[in-house]
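J.: Would you mind keeping the following structure in view while I ask a few things?
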Amino acid sequence: MNTQPPLISPTGFILNTSENIRRVIFITCILFCITPYISPAVALVMGLAVAQFTGHPYLHINHKATHLLLQISVVGLGFGMNVHSALQAGKEGILFSIASITCTFIFGHFIGKWLNIEKKTSYLISSGTAICGGSAIAAISPVIKAGEKQISVALGCVFILNSVALFVFPAIGHHFNLTQTQFGLWCAIAIHDTSSVVGAAGKYGSHALEVATTVKLTRALWIIPVAFLSAFIFKNKSKKVSIPYFIALFVLAMVANTYIPVIKQVRPYIITIAKAGLTLTLFLIGAGLSGKVLASVGFRPLLQGIALWIIISVTALYAVMNLA
């Protein structure tokens, strides 16, 4: 008779622990994430480990928490940026954004049809890849009346690839000796979610972070016209669109930092808090990627996401190296 304990607990996690222990582990990780000793990449790995070993004890509020925390953190980072530099970065990135968004939707449509992926799932994956990851999916899903399964598959696909990008992109940038401006542009175009864009660019350098954040948030404004177009394509007469108002707060933060001298005295503290918030956001994203979520994505939607991501990443890398 085999008396060895099972490798996987009845709850589906690797370790079979009580609810209280799960909470203690989770809160301890959170406390580590808000210290300066944990980088965004390490926080993401910690979150993934928690998701597989003990599970997220507060999973029911994870999406709202990450969404709000990311927005607050991005606004905080705005206090470290200059309006004039941001405008220059925005000008450099706008043509790349228009071209990449258009190409992503075209390639996404044909790849989705070729792989025989359900239409709304395919469209959400394309939207997340084209604009700003989870934020775009969250904004467009009610417009096209997507179901919970379709939304979770698209989100899972985007967040898996985001996790990879956080580690891979800085290494590729250094390999090709990209300047900080080039890397910031590339990140903003080729990485799906704002959290991973900021995490990867921040690791590369302060100017890369400024360029990437500005271009990515400018890119996020495309949610509005794309959502209206989506309502027309999927024949939704209500046409309710979620407008990303936090971008206006980000702009106000940049203006305050540029023109209000007193802000410079508190700026280092605001930026430190914002970076801690971003690190915590990536931990929460990782903690939400349980084995169940990963398994629910499926091979074909993930293949569509990977194919789209490779096409956009390679094309954008060539563009910033030769045209920027």
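The values are calculated or read from the model by the stated rules, or taken from the named source; none is laboratory data. No experiment lies behind these values; they were computed from the predicted model shown. As a convention, Cβ positions derive from the backbone with ideal geometry for all residues, glycine included, and neighbour counts pool all protein chains shown. Accessible surface areas use protein heavy atoms only, side chains included; no ligands, DNA or RNA. Shrake-Rupley method; radii C 1.70, N 1.55, O 1.52, S 1.80 Å.
J.: Report the residue count in region 47-80 for those that are within 21 Å of Cys132 (Cβ to Cβ) and aliphatic (A, V, I, L, M).
T.: The number of residues fulfilling the criteria is 8.
J.: Taking the residues in region 45-66 that are closer than 26 Å to Ala200 by Cβ and touching a Ser or Thr at 6+ places or on another chain (Cβ under 6 Å) as candidates, determine which candidate is most open to solvent (accessible area, probe 1.4 Å).
T.: Out of the qualifying residues, it is Thr66.
J.: Step by step: first the residues of region 110-139, then only those that are β-branched (Val, Ile, Thr) and more than 20 Å from Pro225 (Cα to Cα), then the one that is modelled with the highest pLDDT. Which residue is that?
T.: Out of the qualifying residues, it is Ile111.
J.: Would you point out which residue out of Ser195, Ser135, Ser141, Ser163 is crowded, with 17+ Cβ neighbours inside 10 Å, farther than 21 Å from Gly108 by Cβ and of a type in the set (Ser, Thr, Tyr)?
T.: Ser195
J.: Any residue that is β-branched (Val, Ile, Thr), outside any helix (DSSP H, G or I), open to solvent by less than 10 Å² (accessible area, probe 1.4 Å) and in contact (Cβ under 8 Å) with a residue 24 or more places away in the chain - is there at least one of those in region 237-246?
T.: Looking through region 237-246, none of the residues is β-branched (Val, Ile, Thr), outside any helix (DSSP H, G or I), open to solvent by less than 10 Å² (accessible area, probe 1.4 Å) and in contact (Cβ under 8 Å) with a residue 24 or more places away in the chain.
J.: Here is a list of conditions, (1) modelled with pLDDT of 95 or more; (2) surrounded by fewer than 21 Cβ atoms within 10 Å (Cβ to Cβ), and Phe183 meets all of them except one; can you say which number that is?
T.: If we test Phe183 against (1) modelled with pLDDT of 95 or more; (2) surrounded by fewer than 21 Cβ atoms within 10 Å (Cβ to Cβ), just (2) comes out false.
J.: A follow-up question, please. Cβ contacts < 7 Å: first residue part of a helix (DSSP H, G or I), restricted to region 14-28; second residue surrounded by 15 or more Cβ atoms within 10 Å (Cβ to Cβ) and among the β-branched types (Val, Ile, Thr), any location; separation 6+ or different chain. Result?
T.: Note: pairs meeting the criteria are Arg22/Thr54; Ile25/Val50; Ile25/Thr54; Phe26/Val50.
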